[in-house]
Amino acid sequence: MKPSFVAGAVIGYVLGARAGRERYEHIVRIARRVAGSQTIQATAGVLQAQAAEAAGRAKDRVISRIPLVSGAGSGRATSSRAGTTAGRPGTTTAGTTTVGATTSTANGHHR
């Protein structure tokens, strides 16, 4: 490589880096000025309060739709499918029948 090409590349890099740094610092100054604005601060506070209120309402809606499960002290939750109770011998769960420690599928195979 020619020394003049290398010198030109170095000078170009230095000037570009300096210009890039100055532009970055300018953008940061503007962003800080905008973020510190009373209008922005007030708007952010209102939006945060509205978001918290909406989240609370959504949580209340979800909780109100969850059915209470009463196991009468058994410590087991029953399945929501009619007529099935997961994990108990002799009951069906999705096409299988549990007998003792053996599970039979609908086609008669044992697992």
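Data for the structure
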| quantity | calculated |
| --- | --- |
| Which listed residue, of 6, 28, 10, 14, is at pLDDT 90 or above, among the β-branched types (Val, Ile, Thr) and either open to solvent by less than 60 Å² (accessible area, probe 1.4 Å) or not in a loop (DSSP other than H, G, I, E, B) (or both) | 28 |
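This table checks each residue for (1) open to solvent by less than 60 Å² (accessible area, probe 1.4 Å); (2) at pLDDT below 90; (3) not small (Gly, Ala, Ser).
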residue: 35; (1), (2), (3): yes, yes, no
residue: 39; (1), (2), (3): no, no, yes
residue: 43; (1), (2), (3): no, no, yes
residue: 47; (1), (2), (3): no, no, yes
residue: 54; (1), (2), (3): yes, no, no
residue: 57; (1), (2), (3): no, no, yes
residue: 60; (1), (2), (3): no, no, yes
residue: 63; (1), (2), (3): no, no, yes
residue: 73; (1), (2), (3): no, yes, no
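The values are calculated or read from the model by the stated rules, or taken from the named source; none is laboratory data. All figures in this text were calculated on a predicted structure; none of them were measured in a lab. For accessibility, only protein heavy atoms count, side chains too; no ligands or nucleic acids. Shrake-Rupley method; radii C 1.70, N 1.55, O 1.52, S 1.80 Å.
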